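Here, each number is a calculation from the coordinates, and none is a lab measurement. As the structure is a prediction and not an experimental result, all values here were calculated from the model. Cβ: placed from backbone, ideal geometry, glycine included. Neighbour counts: every protein chain shown.
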Amino acid sequence: MDRWSQDDDLGPRAPASKVTRLGLGGFTKSSVGYGSTASEPLSQIEVVASKREQKQQQQQQQQQQQTQPSSPARPPVPAWAATPPPRSQLGVFKEGTAIQQLLLTRPATVFGRGATADIVCEHGSLSRQHAQLCYKPATRQWLVVDLGSTHGTFVDGKRIPKGTPIELKSSSSLRFGASTRTYALQQSASASTLDPKHAA
């Protein structure tokens, strides 16, 4: 029987599967032009995905995009928070040594592991948005708020409740999660004179 006799779709019977009739060759493209002999090697053969496979690939890509975690929106700034006094700083301590000073210029400074945080802390125990430190001009207080972190925020070694503003005094130490770094409020002091007693 002629190999191509069933390619005519006008017959009373539905044609057999193209793969059954033609094999994998029915789904390939070749750059060999007309007039080539059978003895010449095929070149640049490309397997073409069927429409069903292409649709499945598109669906998989869409699912992957939907399952990728998106960066959370920044937490709202409390209504009572405002820009802090000039030169307000937060000292950073590690193993008894002052290692850095952070300038506080925002009404609310967000700490966390995520890219949207103002102060990015890379320790694995921190949440993407862990806590925020806010200045309250009405009472001249610094208040720290835990943003629902998994491993907690600590003031003077005590874990603070989530979502409740807790005062951070100039003599207090601040710590996030299981990180050994601690933070303390400073007033325009140089890094060499920061008090190391707040270090973990």
Packing-based exposure ordering (other Cβ within 10 Å, fewest first) of 88, 171: 171, 88
Distance-filtered residues of the range 111-143 - backbone nitrogen under 19 Å, label point 7 angstrom along residue 82 Cα→Cβ: 133-143
Computed label-point distance, nm, for sites residue 58 and residue 159 using a 7 Å Cα→Cβ extension: 4.9
Neighbour-count order for 83, 182, fewest beta carbons within 10 angstrom listed first: 83, 182
Which of 122, 167 has the fewest Cβ neighbours within 10 Å, and the rest in rising order: 122, 167
Local net charge near residue 104, Cβ-Cβ under 11 Å (Lys/Arg +1, Asp/Glu -1): +1
Residue-span extension gain [residue 122 to residue 178] - 0.36 nm each, minus C-alpha spacing: 19.0 nm
